[in-house]
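Novice: I'd like to ask you about the structure that follows.
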Amino acid sequence: VTRMQQDHVDFVATCMDSTGNIKLSQTLQQHGMGSATQYWLDGYDTGILHNNQSAYQGVYFFLQQTPFEASALYHGVYPGIDAFNAALARYAPGTAPSGTALAGWVSADLFTQGLRAIGNDVTRTALVRAINRLTAYTADGAYPPVNWQVSHYGITGLDCTTYVRARGDHFVPVFTTPASVYSCYDLTGSAHLPTQTVTPLPLQPGVPGK
């Protein structure tokens with residue numbers, strides 16, 4: 001942090017767990033660098049935010065899911081997140097939503113969709129085959145589209161993400177549009193652009209939104 005201060009750093013991106021991120025943020029503040037923009041890859045957790053509000057303030061997070069806050073802000077637009085939040089409140093009241101809990105919910109949804117597709121032919125092979133036929137799986141708007149025909153071994157060229165920022169004791173979606181909380185990019189590049197260029201795209205078919 002001392003070297004950052006000497007070099008007049010104004011943007012900090014980290015790849016640590018939330019404990020490391022919090023310690024770094026606190027140290028930045030102690031060195032008078034609290035105004036530096038921070039971007040964390042880990043720490044999107046309301047429970048941790050509530051206990052570390054000062055360290056979290058203004059921090060940006062990059063997500064590959066629909067933010068949990070979308071249920072209150074855009075109810076009905078992302079039914080999968082609405083259902084997840086409702087189930088969490090019903091069966092585990094007081095529990096803050098987390099990416100781990102959502103992953104379990106989505107896995108169960110994917111398993112259920114596969115079972116419905118195979119009917120009475122319940123075998124592992126049949127289940128995997130049915131799931132691998134899904135070309136735009138979103139868990140009813142909880143995730144950007146996943147093409148299970150290719151996602152095991154390659155990329156489709158479409159990368160859709162969401163962003164939130166810590167504000168007070170909650171997270172706020174940012175960089176949204178009237179159509180969606182997702183921002184989509186072309187990962188394949190093009191002939192007239194350098195390979196490291198990321199190209200923004202308009203909202204693509206199948207991406208959760210209005």
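Novice: Per q in 0.11, 0.13, 0.23 1/Å, what log10 I(q)/I(0) does a Debye calculation on the alpha-carbon atoms of the range 67-159 return?
Specialist: -0.38, -0.52, -1.16
Novice: Roughly how tilted is helix 99-118, in degrees to the nearest 10 and between 0 and 90, from the longest Cα axis of the chain?
Specialist: Rounded to the nearest ten degrees, it is 10.
Novice: Hey, any idea what % of the range 1-126's accessible area is carbon plus sulfur with a 1.4 Å probe?
Specialist: 53 percent
Novice: Restricted to Cα positions, what overall size does the chain have along the principal axes? Three whole-Å values, descending.
Specialist: Sorted from largest, the Cα extents of the chain read 65, 53, 33 Å.
Novice: In addition: For the chain, with only Lys/Arg (+1) and Asp/Glu (-1) charged at the beta-carbon, what is the dipole magnitude about the Cα centre, in debye rounded to 20?
Specialist: Once rounded to the nearest 20, the dipole reads 300 debye.
Novice: Keeping every protein chain in place, order TRP40, TRP105, TRP148 by accessible area at 1.4 Å, biggest value first, i.e. largest first.
Specialist: My answer, sorted largest first, is TRP105, TRP148, TRP40.
Novice: Principal axis lengths of the range 1-110 from Cα atoms, whole Å, largest first?
Specialist: 50, 24, 23
Novice: Something else now. What are the ³J(HN,Hα) couplings of the range 51-68, residue after residue, when phi is run through the Karplus curve with 6.51, -1.76, 1.60 and θ = phi - 60°? Round to Hz, x for glycine and proline.
Specialist: Each residue of the range 51-68 in turn: 8, 9, 4, 4, 5, 7, 4, x, 6, 9, 10, 9, 10, 10, 7, 6, x, 4 Hz.
Novice: Output ³J(HN,Hα) for the range 200-210: one whole-Hz value per residue in order, computed from phi by the Karplus curve 6.51 cos²θ - 1.76 cosθ + 1.60 with θ = phi - 60°, and x for Gly and Pro.
Specialist: Going residue by residue, I get x, 10, x, 4, 8, x, x, 6, x, x, 6 Hz, with x marking Gly and Pro.
Novice: Also: Using only the alpha carbons of the range 41-94, determine the length spanned along each of the three principal axes and report them from longest to shortest in whole angstroms.
Specialist: That works out to 31, 23, 17 Å along the principal axes.
Novice: A further question follows. State, as an integer percentage, the relative contact order of the range 55-210 based on alpha-carbon contacts under 8 Å between residues 6 or more apart.
Specialist: After rounding, I find 27 percent.
Novice: In addition: Which angle from 0 to 90°, rounded to the nearest 10, does the C-alpha axis of helix 18-30 make with the longest principal axis of the chain?
Specialist: 20 degrees
Novice: Kindly point out, ordered by number, any Cys in the chain whose beta-carbon has no other cysteine beta-carbon under 4.7 Å away.
Specialist: Cysteines of the chain left without a disulfide-compatible partner: CYS15.
Novice: If you count only protein heavy atoms with a 1.4 Å probe, what accessible area per residue comes out for the chain, rounded to a whole Å²?
Specialist: 57 Å²
Novice: Same structure again: Calculate how many DSSP beta bridges within the chain are antiparallel, expressed in % of all such bridges and rounded to the nearest 5.
Specialist: Antiparallel bridges: around 75 percent, rounded to the nearest 5.
Novice: Right, here's the next one. Can you list the residues, at least 5 places off or on another chain, whose amide H is less than 5 Å from the amide H of CYS160, using H built in the peptide plane?
Specialist: Amide H neighbours of CYS160, under 5 Å, 5+ apart: TYR185.
The values are calculated or read from the model by the stated rules, or taken from the named source; none is laboratory data. If you're wondering where the values come from, they're calculated on a predicted model, not measured in any experiment. Because the Cβ atoms are built from the backbone with ideal geometry, glycine has one as well, and the counts that use them run over all protein chains shown. Just the protein is used for accessible areas: all its heavy atoms, side chains included, with ligands, DNA and RNA removed. Shrake-Rupley method; radii C 1.70, N 1.55, O 1.52, S 1.80 Å.
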